[in-house]
Amino acid sequence: MDINVEAGDITEHPAKAIIVNLFEGVKKPGGATGAVDAAISRGISKLIAEGEIKGKTAEVTLIHTLGLIPSPRVLVAGLGKQDKFALNVIRDLIGTSLRRARATGATSVATILHGAGIAGLSPKACAQAVAEGAVMGAYRFRRYKDNSNGDDPKELDTLTIVESDKTKLDAVRRGVERGRIMGEAANHTRDMANEPANALPPAKFAERAQTLAADAGLECEVLNEKQLEKLGMGGVLGVGSGSTNPPRFIILKYRGGKASANGMALIGKGITFDSGGISIKPAAGMEAMKGDMSGGAAIIAAMWALGKLKPKINVTALVPTAENMPSGTAIRPGDVLRAMNGKTIEVINTDAEGRLILADAICYARKEKLSPMVDVATLTGAMQIALGPGATGFMANDDRLAEAISRAGDASGELMWRFPLIDEYKEGLKSNVADIKNTGNRNGGAISAAKFLHFFAEDTPWAHIDMAGTDDSDKDKGIYVKGSTGIPTRTLINLVLDMAAK
């Protein structure tokens, strides 16, 4: 879908549908919505009086114009209460409205610049939100569906932002360009996470990373199992030992800062399928474990965006990737693995495999003197139970880094919620036969998992984002559609941009 910016009057635009808005409680629409209302014989006002249009968030009302204006359809999107209005409302209303427009068969849509009028927000920020909402909200994963019968609506070809004030056009175009990149990055994450595991084993996952790296001008290196053995990455090799698809270790580098600076590390869990291994998962719902590489996908996609946006900072991405499968060669409960830094790990549960591969990646980052380090993973069911789908939990050993992650999440509309790193929980990780074991006490499981990673991060500034509750959606809502959400791709991008600006 192309996103264009034009100067003009929304009432005169010939798109197959146009989008305007209304705050909750407003009885007489003003601005561009008022102009459209007047042009269609007060059709919006009449529906407000009838109680059909209330202006609540997520409300989209379709009005057929019957030739009164060039566009055959008007979509009136609710903004909710004015005192609660924010950029995320814009993202969601655009996503919802575009899906509604597509369902009518419309292939071209025009919209006003939501938020830049009575709400008084920056035109550039509003345009970015419109673009993010459009790219993410209109996303569909249809690679394996046969649409030869034409049942699925056609894709949207164009979205045009119509702005009456010509002095705002440059700012709007800049906002659209950044928003398009942010949205496309999230969709790259979704494309990888939605792939079936048979189409995306570790080697194919690495190929996806190479393709995106080439498109964004990034350095990319992929280590095979022999190279992993030479580095002593016992965690990655151990987890991958049960599969006929050998593990890989993906390294992406973006160099936008000083040549002498090592830069920061973004680390992502890349388990392309998680059966649980010998500690096998229940059959119900196991198909969702194709998305256990969502953290790694978010890291790769965020790096692609950095290559496009070109901030002045150096970033290295590390994505250990493996399949966790049961077989005669798989690791067993009671086995001892040796991580890259020489520390030994007793495997209590083979389904706690993500932390094993992340441990090696953290050791690699420390060896390369990368700081700070941020790891991202669908790590624990405990986090999913604690926060559900409404927020992504994270932990950090550095307050400034934690504050930066919270700001980045707020800017993205991806709520990030900090959990404490409780030192007492490391007691549950003590092993009788190794330096540490891979599971602790059942209570506080998300924090216990983070303390395992903290053991390897040591005193390097580090944060762990556990996205187990937010990586996937079971319904269409706002910018999210059923399947992978793309969280926390945009948070990671905003985090790096914020750090580059310091």
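Protection proxy ranking, highest mean first, for peptides 106-119, 402-415: 106-119, 402-415, where packing is the per-residue count of other beta-carbon atoms within 10 Å, averaged.
Classify region 173-241 as rounded, prolate or oblate, taking a ≥ b ≥ c as the square roots of the eigenvalues of its Cα gyration tensor: rounded when a/c is under 1.5, otherwise prolate if a/b is larger than b/c and oblate if not. Taking the square roots of the gyration eigenvalues as a ≥ b ≥ c, region 173-241 is prolate.
In a solvent-free Debye calculation with one equal scatterer on each Cα, what is log10 I(q)/I(0) for region 1-139 at q = 0.09, 0.14, 0.16, 0.19 Å⁻¹, listed in the order of the q values? Here log10 of I(q) over I(0) equals -0.22, -0.56, -0.75, -1.11.
Toward the positive end of the charge dipole of region 132-236, with +1 on the Cβ of Lys and Arg and -1 on the Cβ of Asp and Glu, the farthest Cα among 141, 228, 199 is that of 141.
Given +1 at the Cβ of Lys and Arg, -1 at the Cβ of Asp and Glu and no other charges, the dipole of the chain around its Cα centre is 600 debye to the nearest 20. Heavy-atom accessible area, probed at 1.4 angstrom with all protein chains present, ranks 260, 473 as 260, 473, highest first. Under the combined filter of DSSP loop state and at most 12 neighbouring Cβ atoms within 10 Å, region 101-208 retains these chymotrypsin sites (Phe, Trp or Tyr not before Pro): 144. Across region 15-21, rounded Karplus estimates of 3J(HN,Hα) from the backbone phi angles (6.51 cos²θ - 1.76 cosθ + 1.60, θ = phi - 60°) give 4, 5, 7, 10, 10, 10, 9 Hz, Gly and Pro being marked x. Computed over protein heavy atoms with a 1.4 angstrom probe, the accessible surface ordering of 312, 290, 430, largest first, is 312, 430, 290. For region 267-391, the extents of the C-alpha atoms along the principal axes are 47, 37, 26 Å, listed from largest to smallest. With a simple spin-label model that places each label point 7 Å from the Cα along the Cα-to-Cβ direction, the separation between residue 224 and residue 103 comes to 5.0 nm. Taking the DSSP beta bridges in the chain as the whole, what percent of them are antiparallel, to the nearest 5? Close to 40 percent. A Cβ-based charge dipole, computed about the Cα centre of region 282-437 with Lys and Arg at +1 and Asp and Glu at -1, lands at about 560 debye. For region 355-502, would you read off the P(r) tail past 22 Å as a percentage of all alpha carbon pairs? Result: 40 percent of Cα pairs exceed 22 Å. Calculated from the structure, Cα Rg over 2.2 N^0.38 Å equals which of (i) 1.03; (ii) 1.08; (iii) 1.33? Checking each listed value against the structure points to (i).
By the Cα gyration tensor, region 337-430 has an equivalent ellipsoid whose semi-axes, rounded to whole angstrom, run 25, 18, 13 from largest to smallest. Largest first and in whole Å, the equivalent-ellipsoid semi-axes of region 429-471 read 20, 15, 7, each the square root of five times a Cα gyration tensor eigenvalue. Axis angle, to the nearest 10 degrees, between helix 489-500 and the longest C-alpha principal axis of the chain: 80 degrees. Just to confirm the filter: which trypsin sites (Lys or Arg not before Pro) across region 165-252 are DSSP coil and have at most 11 other Cβ within 10 angstrom of their Cβ? Filter output for region 165-252: empty list. Spread over its residues, the convex hull of the C-alpha atoms of region 244-337 is 115 Å³ per residue. Simple rule: put +1 on each Lys or Arg Cβ and -1 on each Asp or Glu Cβ in the chain, find the dipole, and look at 342, 488, 457; the Cα lying farthest toward the positive end is 488.
Over the chain, DSSP H runs of length four or greater, each weighted -39,500 (n - 2.57), average out per residue to a 222 nm ellipticity of -11500 deg cm²/dmol. Each residue of region 138-152 was assigned a 3J(HN,Hα) from its phi angle through the Karplus expression (A = 6.51, B = -1.76, C = 1.60, θ = phi - 60°), giving 8, 5, 9, 9, 10, 4, 10, 9, 8, 10, 5, 7, x, 5, 6 Hz with x at Gly and Pro. Once you sort the root eigenvalues of the Cα gyration tensor of region 307-367 as a ≥ b ≥ c, which label holds: rounded (a/c under 1.5), prolate (a/b larger than b/c) or oblate (the other case)? It comes out prolate by the Cα gyration axes.
Cross-link partners of residue 124 among lysines, defined as those whose alpha carbon lies under 16 angstrom from its own and excluding same-chain residues fewer than eight positions apart: 166, 168.
With both labels modelled 7 Å from their Cα along Cα-to-Cβ, the residue 329 to residue 27 distance reads 7.6 nm. Over region 145-275, the alpha carbon radius of gyration divided by the compact-protein estimate 2.2 N^0.38 Å works out to 1.45. A cut-off of 5 Å between modelled amide H atoms, ignoring neighbours fewer than 5 places along the same chain, links residue 462 with 373, 397, 398. Loop-located GluC sites (Glu not before Pro) across region 90-163 with a Cβ neighbour count of 11 or fewer within 10 Å are 155, with loop assigned by DSSP. Cα extents for region 66-150 along the principal axes, largest to smallest and rounded to whole angstrom: 46, 35, 22. Its alpha carbons considered, region 218-281 gives a radius of gyration followed by a Dmax of 14.9, 47 Å. Note on residue 146/residue 475: beta-carbon distance plugged into 1/(1 + (r/R0)^6) with R0 of 30 Å gives a FRET efficiency of 0.80. List the residues, sorted by chain then number, that are 5 or more residues from residue 468 or on another chain and whose placed amide H is less than 5 Å from its amide H. Sorted by chain and number, the residues that satisfy this are 379, 380. Here the Karplus curve 6.51 cos²θ - 1.76 cosθ + 1.60, taken at θ = phi - 60°, turns the phi angles of region 400-414 into couplings of 5, 5, 4, 5, 5, 5, 4, 4, 5, x, 4, 5, 8, x, 10 Hz, with x standing for Gly and Pro.
The values are calculated or read from the model by the stated rules, or taken from the named source; none is laboratory data. Note that this is a predicted model, so its numbers are computed, not measured. Note that each Cβ is placed from the backbone with ideal geometry, even for glycine, and that neighbours are counted across all protein chains shown. All accessible areas refer to the heavy atoms of the entire protein, side chains included, with ligands and DNA or RNA removed. Shrake-Rupley method; radii C 1.70, N 1.55, O 1.52, S 1.80 Å.
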